[in-house]
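A.B. asks: Sharing a structure here in structure tokens format.
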């Protein structure tokens, strides 16, 4: 079982120390989320009963690839992934160049977590069509893989082309989301799947029924369980290869009262590493 650190909603200035601590504690991958701006969205947020986002205009959403590049410079083994990057809100070459550069700078420590997104306003802001985002992502994934290989690529209405720099190893592509379309896309095109909510065992069983059990296919699922090594082993038996945790969500009131936000995160990560990661 691999442990991914879910670092969404973290203030930008905390990421470098958080990355150092995650590597020291034995986390496999640090993730951060992708949003372009905050507004009074017309589009309902799909993961709350109210349809309202769980954050406000003061919440930090630093650029994913700039932040990964900075964190990779202060670590040596920790991997990084967006959870998830809304690739079809951008053009192909912006995505290809940013991800490829981050992979090279990190020494091949990038996983490309990708999804179609839910916020129509962000697509409007970048001039991309929201309603064709799934179809465009299906076309984009193989094109990205070709560009990242360093090979010359033929695309409609363009001369044969390539990009540089490109990584020395293929960038793993993990598809996010639990809609039928997302699960089909993960099965058909992905090297793995990332869940986008916190799953009860019943919910997870429903999702797992639609995912492949092939060698090398990773299943990363945030689990609605109290941290416990035996419980994680049971989920591993179901085919889950990794889970996502933000240990500070379970901080005691005493810890909250005696720590600043960054030291609280690190203290709870260290406890999680001692009580869970070390026993796995």
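The values are calculated or read from the model by the stated rules, or taken from the named source; none is laboratory data. Keep in mind the model is a prediction, meaning the values are calculated, not measured. Don't worry about glycine lacking a Cβ; one is built from the backbone with ideal geometry, like all the others, and counts go over all protein chains shown.
A.B. asks: All but one of (1) modelled with pLDDT under 95; (2) at positive phi hold for residue 117; state the number of the condition that does not hold.
C.D. replies: Condition (1) is where residue 117 drops out.
A.B. asks: Can I ask one more? So which of 153, 173 is at pLDDT 95 or above, under 25 Å from residue 123 (Cβ atoms) and within 17 Å of the chain's Cα centre (by Cα)? Show your work before the answer.
C.D. replies: On the way: 153 fails: within 17 Å of the chain's Cα centre (by Cα).
The conditions single out 173.
A.B. asks: Can you name the residue in region 144-163 that is in contact with a helix residue (DSSP H, G or I) (Cβ under 6 Å, 6 or more places away or on another chain) and touching a residue at least 12 places away in the same chain (Cβ under 8 Å) and, of all such residues, is surrounded by the most Cβ atoms within 10 Å (Cβ to Cβ)?
C.D. replies: So the first thing to find is which residues in region 144-163 are in contact with a helix residue (DSSP H, G or I) (Cβ under 6 Å, 6 or more places away or on another chain), and the list is 144, 147-148, 153, 163.
Imposing the further condition that a residue be touching a residue at least 12 places away in the same chain (Cβ under 8 Å) reduces the set to 144, 147-148, 163.
Values: 144: 23, 147: 25, 148: 22, 163: 17.
Checked region 144-163; the qualifying residue surrounded by the most Cβ atoms within 10 Å (Cβ to Cβ) is 147.
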